[in-house]
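K.L.:
Below is one structure. I have some questions about it.
Readers should treat all values here as calculations from the given coordinates under stated rules, not as data from a laboratory. None of these values were measured; they are calculated from a predicted model. All Cβ positions, even for glycine, are placed from backbone atoms using ideal geometry, and neighbour counts span all protein chains on display.
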Amino acid sequence: MNTQDPKPRRILSGMQATGELHVGHYLGVLTNFSRLQHEAECFFMVANLHSLTAFYPNYPDAHRFIAPMVSDWLAAGIAPEKATIFVQSDVPEHSELAQLLAMFTPVSWLERNPTYKDKQANTEKDLDSFGFLGYPVLQAADIVLYDATHVPIGEDQLPHLELTREIARRFNHYYRAGKADVLTVPQAILSSFPKVAGLDGRKMSKSYNNSLNLAESAESLSKKFMVMKTDTARVKRTDPGNPENCTVFTYYDFFAADLKEEVNQGCRSAALGCVDCKKQLLTRFLPAMAPFNAKRRELAEKSGLVNDILHAGAERARKVAAATMARVKDSMGLVSRYSL
Ligand code: SF4
């Protein structure tokens, strides 16, 4: 599978809104979205139908996070003039196309999805549903609906995209538009989504309660940095440390790469204490996040803006989706009953 060529023409990506965004989302996803919108035509989707797989008994708990999440996208520089920003369920063609693709997707393809058993084993939520088993089909529909040529993913998500590609190829095998393929088979843009560590050194996640949330004040974030896990073998101030075993040091990569060597030496020789090391990092972290926070505050004053953007985005998305559905139905022979 060619994962890099040709040049991206249209990109689809999405995020579920199931909680407050944190610094891990900012560094891992939003900075990527913000860059990609200048490189190709982008569709950025709030994947709320996917949230239903886990939140179906209490969906409003997740729905309330949509507007704040989109506001954070905007604060991070994602621009509605550049990218189409919309909510998945506002474009009914996602569900319609997923239903059609499901007709020929073998169950065995879905059962071998590595995430299927993994997620079921690692959550208290009931994921033993047809909807959860079939979410890769919905994911395929999300992508091919927009003729996305590329999807930005991490290496671990390649099997998911391969499933989308298999579904698109199978469709193109059964149904054709003359000699042409009906669906675009998407390629990956392999993105280096950095794994951002939480306060305890595990991956930052709200379920681990170890997050630095984007909505938090500078004071609250500073307090959290001061309790962030360091090299546990460094018990006393005079003990030399090992930055490779320290969560704080990983943040130097993002916010103070130019100081890494100095910190490395200071830590290993015990010339630098952990409190000073954290304070120094904060002098970089807080100013780096300041423009985002200022924009966030500015957006909070503009009530209705996010709704307007999502409304316009859904209209734009539906135009593209409707054209794809017309092509899909035509190739399948699903003619309108009025033309029988
Ligand atoms: S000095 Fe810095 S890098 Fe070394 S253990 Fe302490 S916080 Fe980590």
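K.L.:
Once the other residues with Cβ under 10 Å from the Cβ of Gly24 are scored (Lys, Arg +1; Asp, Glu -1), what is the net sum? Mind showing how you got there, number by number?
P.N.:
Details: positive: Lys195, Lys203, Lys206; negative: none.
Counting the neighbours of Gly24, the net charge comes to +3.
K.L.:
Step through the table entries Lys125/Lys223; Lys203/Lys260; Lys117/Lys224; Lys117/Lys206; Lys82/Lys295, compare each Cα-Cα distance with 25 Å, and write down the pairs that go over it. Don't skip to the answer; put the middle values down first.
P.N.:
On the way: Lys125/Lys223 32 Å; Lys203/Lys260 21 Å; Lys117/Lys224 34 Å; Lys117/Lys206 21 Å; Lys82/Lys295 18 Å.
Those over the limit are Lys125/Lys223; Lys117/Lys224.
K.L.:
Among Ala290, Ala141, Ala317, which one shows the highest mean-square fluctuation when the chain is modelled as a Gaussian network with alpha-carbon springs under 10 Å?
P.N.:
Ala290
K.L.:
Along the Cα→Cβ direction, 7 angstrom out, place labels at His38 and Leu334. What is the inter-label distance in nm?
P.N.:
The modelled label-to-label distance comes out at 4.0 nm.
K.L.:
Rounded to whole Hz and in sequence order, give me ³J(HN,Hα) for the stretch 222-229 from the Karplus expression 6.51 cos²θ - 1.76 cosθ + 1.60, θ = phi - 60°, writing x for Gly and Pro.
P.N.:
So the Karplus estimates, Gly and Pro as x, are 4, 4, 5, 4, 5, 10, 5, 4 Hz.
K.L.:
Show which aspartates and glutamates lie in cross-link reach of Lys195 when reach means a straight Cα distance below 16 angstrom and same-chain residues fewer than eight apart are skipped.
P.N.:
Output for Lys195: Glu155, Asp156, Glu244, Asp253.
K.L.:
Counting just the Cα atoms, what span does the stretch 216-299 cover along each of its three principal axes? Round to the nearest Å and put the largest first.
P.N.:
The Cα atoms of the stretch 216-299 stretch 46, 23, 17 Å along their principal axes.
K.L.:
I've got another one for you. Could you list, bin by bin from short to long, the percent of Cα-Cα pairs of the chain in 10 Å steps?
P.N.:
Pairs per bin, as whole percents: 5, 22, 29, 23, 13, 5, 2, 0, 0.
K.L.:
Another question, if that's okay. Please report Rg over Rh for the stretch 286-340, where both radii come from the alpha carbon positions and Rh follows the Kirkwood definition.
P.N.:
Values: Rg = 20.8 Å, Rh = 14.9 Å.
Radius of gyration relative to Kirkwood radius: 1.39.
K.L.:
Tell me which residues come under 5 Å, amide H to amide H, from Ala188 once H is placed; ignore anything under 5 positions away on its chain.
P.N.:
The answer is Val151.
K.L.:
Straight-line reach from Lys119: which aspartates and glutamates fall under 12 Å, measuring Cα to Cα and dropping same-chain residues less than 8 apart?
P.N.:
The reachable aspartates and glutamates, counting only those whose Cα sits under 12 Å from Lys119, are Asp128.
K.L.:
So how do 143-150, 18-25, 238-245 stack up, highest first, on mean other-Cβ count within 10 Å? Don't jump to the answer; show the numbers that get you there.
P.N.:
Details: 143-150: 23.9, 18-25: 20.5, 238-245: 14.4.
Sorting 143-150, 18-25, 238-245 by mean packing, highest first, produces 143-150, 18-25, 238-245.
K.L.:
Where the centre of each part is set by its Cα atoms, how far does the stretch 75-117 sit from the stretch 138-187, in angstrom?
P.N.:
Result: 11 Å between the Cα centres.
K.L.:
Quote the FRET efficiency, to the nearest 0.05, computed for Glu262 versus Tyr174 with a Förster distance R0 of 41 Å and r equal to the Cβ-Cβ distance.
P.N.:
On the way: r = 61 Å, r/R0 = 1.50.
Given R0 = 41 Å and the Cβ-Cβ separation, E is 0.10.
K.L.:
Turning to a different aspect of this structure: Counting only other residues whose beta carbon sits under 14 Å from that of Met289, what net charge do I get with K and R as +1, D and E as -1? Let's see the in-between values first.
P.N.:
Numbers: positive: Lys224, Arg284, Lys295, Arg296, Arg297; negative: Asp72, Glu216, Glu219.
Around Met289, the surrounding residues sum to +2.
K.L.:
Give, in nm to one decimal, the length gained when the segment between Ser220 and Asp239 is fully stretched (0.36 nm per residue of separation minus the Cα-Cα distance).
P.N.:
Details: separation 19, 0.36 × 19 = 6.84 nm, distance 2.86 nm.
Between Ser220 and Asp239, full extension yields 4.0 nm more.
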